[in-house]
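Peer 1: I am attaching a structure below and will ask some questions about it afterwards.
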Amino acid sequence: MITSKFARGIIFGLLLYLVAPALAGTWYTGCGDRYTEQLWLNRAVRHLKVLRLRCTDPDLQGVLDYTIHRYNRIGAWDVMVLPLSCPEPGCKVLGINCPWCPGVTLDPEVLSYPIHEGALILVHEALHDYWPYFGHAHVNPRIEKLDALR
């Protein structure tokens, strides 16, 4: 039996950290009309297909193909649109990809961005499916190259 408050806090925190995405996905599935979000995602995927036609880099083609085929549906464990927050003042989180929970989450603000920027945020989050999950050393250079295809 765990008697330390610290150990119980750590275990509770880990469980919450692992269970929260599953609970959010379950809630998202049964709550609300996702029609407008799907329309936006359809536009973003069409834009990524145009970028794919312009692209000659095999690595970027693979990234675009993966994003187009993996993240083309609004729903739990695919693409969710939920308000995201950051614990630091003045910080804004536009997307999340938790490696232990399939799918990506975008902040509703992303849907108001120009389609090129919004679609690249989707690709950014899709790139976190690749190893390493955390960090941006493999993400940012690819996003910069895709941005140039505009």
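The values are calculated or read from the model by the stated rules, or taken from the named source; none is laboratory data. Everything numeric here is computed off the predicted structure, so don't read it as measured data. In this analysis, Cβ positions are derived from the backbone assuming ideal geometry, glycine residues included, and neighbour counts consider all displayed protein chains.
Table: residues versus (1) among the small types (Gly, Ala, Ser); (2) under 27 Å from Leu23 (Cβ atoms); (3) modelled with pLDDT of 95 or more.
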| site | (1), (2), (3) |
| --- | --- |
| Gly90 | yes, no, no |
| Glu109 | no, yes, yes |
| Leu120 | no, no, yes |
| Arg142 | no, no, no |
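Peer 1: For segment 108-150, what are the residues that are surrounded by 19 or more Cβ atoms within 10 Å (Cβ to Cβ) and either charged (D, E, K, R) or closer than 17 Å to Gly75 by Cβ (or both)?
Peer 2: Val110, Leu122, Glu125, Ala126, Arg142
Peer 1: Still on this structure, please answer the following. Can you name every residue in segment 109-150 that is of a type in the set (D, E, K, R) and either assigned to a helix (DSSP H, G or I) or under 13 Å from the mean Cα position of the chain (by Cα) (or both)?
Peer 2: Glu109, Glu117, Glu125, Asp129, Arg142, Glu144, Lys145, Asp147
Peer 1: Quick one: is Arg43 in contact with a helix residue (DSSP H, G or I) (Cβ under 8 Å, 6 or more places away or on another chain), under 23 Å from Arg142 (Cβ atoms), among the charged types (D, E, K, R) and crowded, with 16+ Cβ neighbours inside 10 Å?
Peer 2: Judged against the criteria, Arg43 is not a match.
Peer 1: Taking the condition of being part of a helix (DSSP H, G or I) and modelled with pLDDT under 75, how many residues in segment 28-58 meet it?
Peer 2: Residues that pass the stated criteria total 2.
Peer 1: If the Cβ limit is 6 Å and pairs must be 6+ apart or interchain, which residue in segment 94-105 that is under 12 Å from Met80 (Cα atoms) and in contact (Cβ under 8 Å) with a residue 12 or more places away in the chain pairs with which residue that is among the polar types (S, T, N, Q) and part of a strand (DSSP E or B)?
Peer 2: Pairs found: Ile96/Thr105.
Peer 1: Return the pair list, or none, for Cβ contacts closer than 8 Å from residues in segment 68-83 that are at negative phi and surrounded by 15 or more Cβ atoms within 10 Å (Cβ to Cβ) to residues that are in a loop (DSSP other than H, G, I, E, B) and hydrophobic (A, V, I, L, M, F, W, C), at least 6 apart or on different chains.
Peer 2: Between residues of segment 68-83 that are at negative phi and surrounded by 15 or more Cβ atoms within 10 Å (Cβ to Cβ) and residues that are in a loop (DSSP other than H, G, I, E, B) and hydrophobic (A, V, I, L, M, F, W, C), there is no close pair.
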